[in-house]
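Colleague: So that we are looking at the same thing, I have put the structure below in structure tokens.
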Amino acid sequence: MGDAAPGLSLTVRTLSVPSGTVPLMVRWREIETDSPEFAARVRTLFQARKHKTMATVRADGSPRISGIETQIGDEVTFGSMADSRKLADLQRDPRLALHSPSVDPPDGDPGSWVGEAKIAGRAVATDDGFKVDVTEVVLTYLDGGLVIESWHPERGHERRVRD
């Protein structure tokens with residue numbers, strides 16, 4: 001791997017399975033197995049409040065933001081009302097991004113900010129809603145700079161710090 005850009009440090013952990021054997025999209029359970037502490041922090045942020053935000057792709061290719069309630073078990077799951085614009089978007093193009101509930105950093109103590117989490121993937125219809133085939137998970141918080149932790153099926157867990 002090349003040198004990190006100035007002001008950026010990079011820590012990479014090797015996947016617990018051989019390279020090339022992890023599918024491009026995974027269930028939440030695989031992320032928990034491969035990087036349990038990271039997955040637990042992301043789950044905590046997503047479950048901190050009921051309402052999250054989902055981005056879908058409109059018919060013209062522009063983004064649509066919608067409120068959503070999700071559950072994280074072995075899978076990331078959610079429902080949708082019949083005839084909703086969000087449902088039409090997902091039926092046409094299953095790509096989505098989920099954003100955890102956000103809270104502002106405490107006044108006078110931005111370093112104690114709990115951060116925010118994001119999950120990207122594709123919606124797959126189930127008998128009672130949707131599950132998400134996950135393609136990326138990102139966690140950001142402050143700790144001596146902006147910390148960006150991510151997990152990808154092909155690269156596993158990575159940690160970068162921006163000064």
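Colleague: When you check F38 against the structure, is it under 17 Å from the mean Cα position of the chain (by Cα) and either at positive phi or touching a residue at least 60 places away in the same chain (Cβ under 8 Å) (or both), yes or no? Working first, answer last.
Modeller: Values: under 17 Å from the mean Cα position of the chain (by Cα): yes; either at positive phi or touching a residue at least 60 places away in the same chain (Cβ under 8 Å) (or both): yes.
When the stated conditions are applied, F38 passes them.
Colleague: Does segment 91-117 hold any residues that are of a type in the set (K, R) and part of a strand (DSSP E or B), and which are they?
Modeller: Our first condition is that a residue be of a type in the set (K, R); within segment 91-117, this holds for 92, 95.
Selection gives R95 alone.
Colleague: Moving to a separate point now. Considering only residues that are of a type in the set (V, I, T) and touching a Ser or Thr at 6+ places or on another chain (Cβ under 9 Å), look in segment 96-139 and name the one that is nearest to Q71 (Cα to Cα).
Modeller: My answer is V132.
Colleague: So, of the residues in segment 133-146 that are at pLDDT 95 or above and touching a helix residue (DSSP H, G or I) at 6+ places or on another chain (Cβ under 8 Å), which turns out to be surrounded by the fewest Cβ atoms within 10 Å (Cβ to Cβ)?
Modeller: Checked segment 133-146; the qualifying residue surrounded by the fewest Cβ atoms within 10 Å (Cβ to Cβ) is L139.
Colleague: Here's something else I'd like to know. Taking segment 147-163 on its own, how many of its residues are at pLDDT below 90 and either part of a strand (DSSP E or B) or within 30 Å of P106 (Cα to Cα) (or both)? Even if it seems obvious, please write down each step before you answer.
Modeller: Just the residues of segment 147-163 that are at pLDDT below 90, to begin with: 154, 163.
From what is left, the residues that are either part of a strand (DSSP E or B) or within 30 Å of P106 (Cα to Cα) (or both) are 163.
Number satisfying all stated conditions: 1.
Colleague: If you go through segment 91-111 one residue at a time, how many are over 21 Å from the mean Cα position of the chain (by Cα) and either free of Cβ contacts under 8 Å to residues at least 12 places away in the same chain or over 21 Å from S62 (Cβ atoms) (or both)? First the steps, then the outcome.
Modeller: Step one: list which residues in segment 91-111 are over 21 Å from the mean Cα position of the chain (by Cα), which gives 92, 106-111.
With either free of Cβ contacts under 8 Å to residues at least 12 places away in the same chain or over 21 Å from S62 (Cβ atoms) (or both) added as a condition, the list becomes 106-111.
Number satisfying all stated conditions: 6.
Colleague: Among the residues of segment 128-146, what is the count of those that are free of Cβ contacts under 8 Å to residues at least 24 places away in the same chain, in a strand (DSSP E or B) and over 16 Å from D34 (Cβ atoms)?
Modeller: Qualifying residue count, segment 128-146: 1.
Colleague: Given the residues R122, R162, which is the only one that is surrounded by fewer than 17 Cβ atoms within 10 Å (Cβ to Cβ) and more than 15 Å from I72 (Cβ to Cβ)? Step through it out loud before you land on a result.
Modeller: Details: R122 fails: surrounded by fewer than 17 Cβ atoms within 10 Å (Cβ to Cβ).
Only one candidate qualifies: R162.
Colleague: Right, next: Let me confirm something: among A82, A120, A88, A125, which residue is more than 12 Å from the chain's Cα centre (by Cα) and in a strand (DSSP E or B)? Lay out the reasoning, then the answer.
Modeller: On the way: A82 fails: in a strand (DSSP E or B); A120 fails: more than 12 Å from the chain's Cα centre (by Cα); A88 fails: in a strand (DSSP E or B).
Matching residue, one of A82, A120, A88, A125: A125.
Colleague: Among T44, T56, T77, which is the only one that is touching a helix residue (DSSP H, G or I) at 6+ places or on another chain (Cβ under 6 Å) and either closer than 21 Å to E136 by Cβ or part of a helix (DSSP H, G or I) (or both)? Quick ask: steps written out before the conclusion?
Modeller: Working: T44 fails: touching a helix residue (DSSP H, G or I) at 6+ places or on another chain (Cβ under 6 Å); T77 fails: touching a helix residue (DSSP H, G or I) at 6+ places or on another chain (Cβ under 6 Å).
Just one listed residue meets the conditions, T56.
Colleague: Here's a follow-up. Take segment 37-76 and flag every residue that is under 17 Å from D93 (Cα atoms) and either of a type in the set (S, T, Y) or surrounded by 12 or more Cβ atoms within 10 Å (Cβ to Cβ) (or both).
Modeller: Filtering segment 37-76 for residues under 17 Å from D93 (Cα atoms) gives 54-66.
Within segment 37-76, M54, A55, T56, V57, R58, S62, R64, I65, S66 meet the criteria.
Colleague: Quick test for you: out of D89, D107, pick the one residue that is over 23 Å from Q47 (Cα atoms) and at pLDDT 95 or above. So that I can check it myself, show each step before the final result.
Modeller: Values: D107 fails: at pLDDT 95 or above.
After ruling out the rest, the residue left standing is D89.
Colleague: From (1) at pLDDT 95 or above; (2) outside any strand (DSSP E or B); (3) within 19 Å of G121 (Cα to Cα); (4) not hydrophobic (A, V, I, L, M, F, W, C), pick out the condition that doesn't hold for P23.
Modeller: Tallying (1) at pLDDT 95 or above; (2) outside any strand (DSSP E or B); (3) within 19 Å of G121 (Cα to Cα); (4) not hydrophobic (A, V, I, L, M, F, W, C), P23 fails exactly one: (1).
The values are calculated or read from the model by the stated rules, or taken from the named source; none is laboratory data. Predicted model only: the values in this text are computed from it and were never measured. As a convention, Cβ positions derive from the backbone with ideal geometry for all residues, glycine included, and neighbour counts pool all protein chains shown.
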